[in-house]
Structures are given as C-alpha cells and as structure tokens.
Amino acid sequence: MLTLFFYPSITCLSDAAENWQLGFQDPATPIMEGIINLHHDLMFFICVVSIFVSWMLGRTLWHFECKQNPVPSTLAHGTLIEMIWTITPAFILLVIAIPSFSLLYAMDEVISPAITVKTLGHQWYWSYEYSDYINEDDESIAFDSYMIPEEDLELGQLRLLEVDNHMVVPVNTHIRVIVSAADVLHSWAVPSLGVKCDAIPGRLNQTSLFIKREGLYYGQCSEICGINHGFMPIVVEAVSLPNYVTWISNKLSE
Ligand code: CUA
C-alpha cells in the first residue's frame with residue numbers, strides 16, 4: 001500500500017509476504033479489512049494502557065527509592081483505588097469485546113455461497129475439488145497443487161510460494177471453502193484474504209471468501225505438519241467471472 005501512496009501511477013498491492021515485513025499484507029476481502037481495522041482500534045488501547053502503566057511503574061520506583069523516601073507510608077490498601085483499578089480494565093475489555101465479537105461472527109457467517117471449493121491438506125501438498133460441476137462422464141474437477149521447487153522457478157516467481165496449480169475463483173462472489181486433511185493437521189491460510197482455517201483429518205471445516213479484486217494471493221500451511229510443512233504453499237487466483245467460467249469448462253473437458 002505504501003507503493004500506492006508514493007507512486008499513485010503504480011498499482012502494486014502486497015499479496016505475498018515480503019522481506020522484513022512488519023505490517024499486514026493488503027486486504028482483498030471485507031473480512032481482512034475488518035481484521036486490519038480491529039487491529040488499529042486495539043492499537044489505540046494498547047498505546048494508552050502501556051504508556052499509563054509505564055508512567056505509573058516509573059513513578060512508583062522513583063517514590064519508593066530509599067533515598068527519595070526514607071520514611072515510607074504504612075498505607076496498605078484503599079477501597080476506592082482498588083475499585084478504580086478493577087472496573088477500568090473491565091470496562092476497557094468490554095469496549096474491545098463489542099467490535100471483536102461482531103467481527104468474529106461476521107467471519108463465521110457463510111452467506112448462501114455461489115461456489116463451493118473443497119481443499120484437502122496432504123503431506124505435503126494441497127488438493128482442490130470443485131464438486132459443483134460435472135462433465136459428460138460424471139467427473140468433477142479435482143487436482144493437486146504442489147510447490148514449485150527452487151531450481152524450477154522462472155524469473156519473477158516467488159521462492160517457496162509458487163505452486164503448479166492455482167486454486168482459481170471468481171471475484172465479487174460468495175465462495176465457501178471446505179477444509180479438511182487426508183493425513184495429519186494442516187492449516188489453510190491466506191493473509192490477504194483474512195483466512196486461516198485448520199485442516200483436520202475426519203472433520204470438515206468451513207470458511208467463506210468474498211474477493212474484491214483480481215490477483216494472485218499467496219499463503220502457506222500454518223500448522224506444523226511434518227518435515228515439509230514449509231513447502232506446501234497456497235496460491236489463490238482470483239479472476240473475473242467470464243474467465244472463471246472458461247477455466248471451469250477447460251478443466252471439465254480435460
Ligand atoms: Cu501442512 Cu503444515
């Protein structure tokens with residue numbers, strides 16, 4: 001996003017991890033926008049609380065230093081101050097909880113999805129199934145998605161993030177992603193889409209996507225799943241609806 005700010009003519013959004021990155025990747029779904037906004041809201045409370053606590057700690061250390069205060073007070077407790085330091089944090093937590101819960105429930109909601117994609121974690125790759133469509137031979141679309149090894153990378157491709165088969169989905173469409181695993185725990189996570197969903201053997205988890213712009217979104221398995229845990233990335237390719245339909249019909253006739 002910084003790039004956009006300094007060079008308005010260049011539209012360069014960050015949808016993959018960058019070196020020494022501290023901030024978020026750029027959001028592509030309303031959910032990720034909500035997560036970033038909540039983070040900024042919480043940052044305000046974090047700053048106020050940590051400044052106040054540090055100031056109080058500093059004052060306490062200063063006033064209780066033996067040379068400063070040779071005859072200490074014998075005061076052991078005070079009802080009013082104890083009420084204040086119990087109620088104030090409780091009130092702050094309550095204020096934080098309201099936007100936090102509304103976001104949590106928004107993330108959980110799957111609104112009548114137009115498309116369902118099933119993704120399965122394997123040791124060590126992802127596979128995708130599009131069971132909404134079948135061809136003349138009653139076959140649906142299913143494929144594996146492996147990381148491209150370093151020696152096979154082409155110029156401009158991202159190391160440890162590129163895969164051979166992307167998960168292709170249309171933009172501006174409610175998509176349901178069903179997540180499971182074939183062997184051990186994995187986790188299907190794409191930062192720009194604000195999605196991190198555990199893939200558990202024998203259990204179906206579901207999450208939803210509503211991608212607002214076309215692009216390639218990079219993610220990685222986010223649950224330690226064995227020796228190649230770091231080598232099973234995720235690439236979601238968001239395309240326009242006509243391009244998606246073309247992709248689906250090509251896949252069906254393969
Ligand atoms: Cu699959 Cu970690």
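Screening the candidates 77, 122 for the property of being loosely packed, with under 11 Cβ neighbours inside 10 Å and either over 26 Å from residue 45 (Cβ atoms) or out of contact with any His (no Cβ under 9 Å at 6 or more places or on another chain) (or both) yields one hit, 77. Residue pairs whose Cβ atoms lie under 7 Å apart, sitting 6 or more positions apart in sequence or on different chains, and linking a residue in the stretch 223-237 that is within 25 Å of residue 169 (Cα to Cα) to a partner that is assigned to a loop (DSSP other than H, G, I, E, B) and near the ligand (Cβ under 7 Å from one of its atoms), are 229/124; 231/124; 232/124. Taking the criterion of being surrounded by fewer than 23 Cβ atoms within 10 Å (Cβ to Cβ) and in contact with a Gly (Cβ under 6 Å, 6 or more places away or on another chain), the only residue of the stretch 162-197 that qualifies is 189.
Determine whether residue 116 is assigned to a loop (DSSP other than H, G, I, E, B) and either assigned by the TED database to the domain that holds residue 48 or more than 16 Å from the ligand (Cβ to nearest atom) (or both). Even if it seems obvious, please write down each step before you answer.
Numbers: assigned to a loop (DSSP other than H, G, I, E, B): no; either assigned by the TED database to the domain that holds residue 48 or more than 16 Å from the ligand (Cβ to nearest atom) (or both): yes.
When the stated conditions are applied, residue 116 does not pass them.
Return the residue satisfying two criteria in turn: it lies in the stretch 119-135 and is touching a residue at least 60 places away in the same chain (Cβ under 8 Å) and within 16 Å of the ligand (Cβ to nearest atom), and of such residues it is nearest to residue 33 (Cα to Cα). So the residue we want is 119. Exactly one residue among 108, 164 is more than 16 Å from the ligand (Cβ to nearest atom), within 19 Å of the chain's Cα centre (by Cα) and either at pLDDT below 95 or in the same structural domain as residue 199 (by the TED database) (or both), and that residue is 108. The number of residues in the stretch 198-225 being within 16 Å of the ligand (Cβ to nearest atom) and surrounded by 14 or more Cβ atoms within 10 Å (Cβ to Cβ) comes to 11.
The values are calculated or read from the model by the stated rules, or taken from the named source; none is laboratory data. Because the structure is predicted, anything quoted here is derived from the model rather than measured. FYI the Cβ positions are ideal-geometry reconstructions off the backbone, even for glycines, and counts take in every protein chain you see.
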